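Trainee: Sharing a structure with you now.
The values are calculated or read from the model by the stated rules, or taken from the named source; none is laboratory data. Please read these numbers as outputs of a predicted model, since none were measured by experiment. As a convention, Cβ positions derive from the backbone with ideal geometry for all residues, glycine included, and neighbour counts pool all protein chains shown. Accessible surface areas use protein heavy atoms only, side chains included; no ligands, DNA or RNA. Shrake-Rupley method; radii C 1.70, N 1.55, O 1.52, S 1.80 Å.
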Amino acid sequence: MSERSILALIYTIDLLEDEKGIDCAPVLARHGLDRNKLDPSSEIGRDRELLIFTELLPQVDDPLLGFEMGSRFGFAGYGQLAMLLMTSETAFQGFQFGVKYQALTYLYGEIALVPGETTTALELYPIPLPPEVSRTLIDRDMVGTFKLVNDIQTQLNLDLKPVEVWMPYPRPDHAGVFEAYFGCPVRYDQPYCKAVIRNEDMAVRMPGYNKMAQDMYREQCEAMLARREAPTEHLANRVSAYLSLFVRTFPTAEQVAQAFGIPERTFRRQLSKEARPFQGIMDQVREDKARRYLSDSSRSVAQIAELLGYSESAAFVRAFERWTGKTPARHRKEAGAGQ
């Protein structure tokens, strides 16, 4: 996954420690970080940030955590991208820039702009995320995106509102909070996230339009993109850590490559170069999980098979024998005898 500004992580740590009473220091230390030494101008890999979030966010029992996280995204935190959006000729061009330079945002997904006859849709397709943080990060990304748009509107004295918003999960008890924030009806249980905006609003000329400044900010955004290109060294270890976050349903090689911001052919070629093909990494992750699960006598083989994404226990048993030369039952028995 590509590098990104560390500001989103800092915003979240401040929220968790100042308002939620969470001690983030132990988790940060496990990832080689110290809150007091984090440089706001530095960057962090998206996969590393996700590992930290997966440890921290489940500690908070608050269905509005994602909303609060997104609300903390500051205009200044987007740097040159925010300035580029401010100098757009129209709102539509601003959204085009947002899509083109989305790697400079904090999103855990891919955004697309889909024009229609009377409206245009800004669609967000979240990357595969661990279930314990998926809903929180989706909320964060949608609210954070609107926060940026609203901050720009406030500075330019505009008032553009969507006519409809989609969210990809069941309607929550606190749905009214989101409807009030987005200022429009919200539809739930949708296949992805989406905000629908009138074309007449998209055509509004931006009062901050400045072609010379715009060209300068575009060059700066291009330079930032080039610098933040996803490093491919030690890719296999990073893929393994990412896959370890999942249970029951694991992402495919194509989905993981997309999550890491690497073309699938490049992704597979780099893994081959490291002599660790994707299927081998997946097998190792499942084997490691299986060994841990088998040490828990309360879990049946059928339950473990389901946690590892196998539709039938027999398929898991065959896979485990292929990995270890033993059946799960024999492994469990021998491990128990050795304790």
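Trainee: Using a basic spin-label model with each label point 7 Å from the Cα along Cα→Cβ, how many nm lie between S71 and Y192?
Mentor: Placing both labels 7 Å along Cα→Cβ, they lie 2.9 nm apart.
Trainee: So, one more: Which whole-number percentage describes the relative contact order of the chain, with Cα contacts under 8 Å and a sequence gap of 6 or more?
Mentor: With pairs under 8 Å counted, the relative contact order is 18 percent.
Trainee: In terms of modelled amide H atoms, which long-range or inter-chain residues lie less than 5 Å from the amide H of G109?
Mentor: I127
Trainee: Using a 1.4 angstrom probe on heavy atoms only, work out the carbon and sulfur share of the accessible area of the chain in %. Mind dumping the intermediate values first?
Mentor: Values: 8050 of 16100 Å².
Carbon plus sulfur share of accessible area: 50 percent.
Trainee: How far, in nm, would the chain grow between D159 and T90 when pulled straight, counting 0.36 nm per residue and subtracting the alpha carbon separation?
Mentor: Gain in length upon complete extension: 23.5 nm.
Trainee: May I pose another question? Residues of region 178-210 with amide nitrogen under 17 Å from the 7 Å Cα-to-Cβ point of Y125?
Mentor: Only 190-195 pass the distance filter.
Trainee: Rounded to the nearest 20 debye, what is the charge dipole size of region 157-296 about its Cα centre when +1 sits on each Lys and Arg Cβ and -1 on each Asp and Glu Cβ?
Mentor: Working: 21 positive and 19 negative charges, 75 e Å.
Dipole of region 157-296, to the nearest 20 debye: 360 debye.
Trainee: Just the number please: accessible area per residue for region 15-116, 1.4 Å probe, all protein chains included, in Å². Provide the component values of the computation, followed by the final result.
Mentor: On the way: 4230 Å² over 102 residues.
With the other protein chains kept in place, region 15-116 gives 41 Å² per residue.
Trainee: From the protein chains alone at 1.4 Å, what is the descending order of accessible area for S88, S71, largest first? It would help to have the intermediate numbers written out before the result.
Mentor: Working: S88 0, S71 40 Å².
Listed by decreasing accessible area, they come as S71, S88.
Trainee: Further question: Please express the Cα-Cα pair-distance distribution P(r) of the chain as a list of whole percents, one per 10 Å bin, running from 0 to the bin with the greatest distance.
Mentor: Pairs per bin, as whole percents: 5, 22, 29, 25, 12, 5, 2, 0.
Trainee: Also, quick follow-up: If you count only protein heavy atoms with a 1.4 Å probe, what accessible area per residue comes out for region 183-239, rounded to a whole Å²? It would help to have the intermediate numbers written out before the result.
Mentor: Working: 3250 Å² over 57 residues.
Per-residue value: 57 Å².
Trainee: Please report, in whole Å³, the volume per residue of the convex hull around the C-alpha atoms of region 1-157. Numbers along the way, then the final one.
Mentor: On the way: hull volume 19.2 nm³, N = 157.
Cα-based convex hull of region 1-157, divided per residue, equals 122 Å³.
Trainee: Can you tell which of S298, S244, S42 shows the greatest fluctuation in a Gaussian network model of the chain with Cα springs below 10 Å?
Mentor: S298
Trainee: Under unit Cβ charges (Lys, Arg +1; Asp, Glu -1), what dipole magnitude, rounded to 20 debye, does the chain have relative to its Cα centre?
Mentor: Values: 40 positive and 46 negative charges, 270 e Å.
It works out to roughly 1300 debye.
Trainee: Moving on to the next point. So what does log10 I(q)/I(0) come out to for region 202-339 at q = 0.09 Å⁻¹, using the Debye formula with one equal point on every Cα and no solvent?
Mentor: -0.45
Trainee: Residue separation times 0.36 nm, minus the C-alpha to C-alpha distance between S298 and N210: what's the value?
Mentor: On the way: separation 88, 0.36 × 88 = 31.68 nm, distance 6.54 nm.
Gain in length upon complete extension: 25.1 nm.
Trainee: Roughly how many Å is it from the Cα centre of region 55-117 to that of region 205-273, as a whole number?
Mentor: With region 55-117 and region 205-273 each reduced to a Cα centre, they are spaced 16 Å.
Trainee: While we're here: Dipole size in debye (nearest 20) for region 114-171 around its Cα centre, Lys and Arg Cβ +1, Asp and Glu Cβ -1?
Mentor: 160 debye
Trainee: Using only helices, what value at 222 nm comes out for the chain when you add -39,500 (n - 2.57) per DSSP H run of length 4 or more and divide by the total residues, to the nearest 500 deg cm²/dmol?
Mentor: Details: 17 runs with 181 residues, N = 339.
About -16000 deg cm²/dmol.
Trainee: Moving on. P(r) tail for region 92-206, what percent of Cα pairs lie past 16 Å? It would help to have the intermediate numbers written out before the result.
Mentor: Numbers: 3934 of 6555 pairs.
Of the Cα pairs, 60 percent sit more than 16 Å apart.
Trainee: So how far, in whole Å, is the C-alpha centre of region 144-170 from the one of region 283-339?
Mentor: 48 Å
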